[in-house]
Amino acid sequence: MKSITIHSLDDELDKEIREKAKNQGTSLNKTIKRLLEKALGLKSTKEPNHKDEFMDLFGVWSEEDYLEFTESIEGFNIADPEDWK
């Protein structure tokens with residue numbers, strides 16, 4: 001892998017890149033590489049969707065399941081003042 005250095009980076013550009021990295025939770029290096037790849041059309045601009053990789057870990061409720069569950073926990077929404085004495 002090659003490395004490059006960018007000289008005389010404009011303050012506003014530096015600020016924008018740093019904010020983008022912070023918002024995305026990525027390093028400056030990774031952020032700059034993504035920006036360059038996108039600008040040059042080398043990689044898809046669409047972020048990968050890993051949802052399918054985790055679907056076996058999540059349950060899916062039907063409308064009937066949801067209604068049954070909400071009905072069964074209905075009493076938890078009510079505080080009895082006697083419990084606080």
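The values are calculated or read from the model by the stated rules, or taken from the named source; none is laboratory data. Treat the numbers as computed from the prediction; the structure is a model and nothing was measured. Cβ coordinates were reconstructed from backbone atoms using ideal geometry, including for glycine residues, and neighbour counts include every protein chain displayed.
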- Would you mind telling me which numbered condition in (1) in a loop (DSSP other than H, G, I, E, B); (2) among the hydroxyl-bearing types (Ser, Thr, Tyr); (3) more than 21 Å from residue 2 (Cα to Cα) residue 70 fails? (1)
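Only one of these is under 19 Å from the mean Cα position of the chain (by Cα) and among the aromatic types (Phe, Trp, Tyr): 58, 69. Name it. Give the derivation first.
Values: 69 fails: under 19 Å from the mean Cα position of the chain (by Cα).
Going through 58, 69 in turn, the sole match is 58.
Restricting to the stretch 9-60, name every residue that is exposed (fewer than 12 other Cβ atoms within 10 Å of the Cβ), in a helix (DSSP H, G or I) and among the polar types (S, T, N, Q).
Answer for the stretch 9-60, where residues must be exposed (fewer than 12 other Cβ atoms within 10 Å of the Cβ), in a helix (DSSP H, G or I) and among the polar types (S, T, N, Q): 23, 29.
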- When residue 6 is run through (1) surrounded by 10 or more Cβ atoms within 10 Å (Cβ to Cβ); (2) touching a helix residue (DSSP H, G or I) at 6+ places or on another chain (Cβ under 9 Å); (3) not basic (Lys, Arg), the failure sits at (1)
- Unmet criterion (only one of (1) modelled with pLDDT of 95 or more; (2) farther than 24 Å from residue 3 by Cβ) for residue 76: (1)
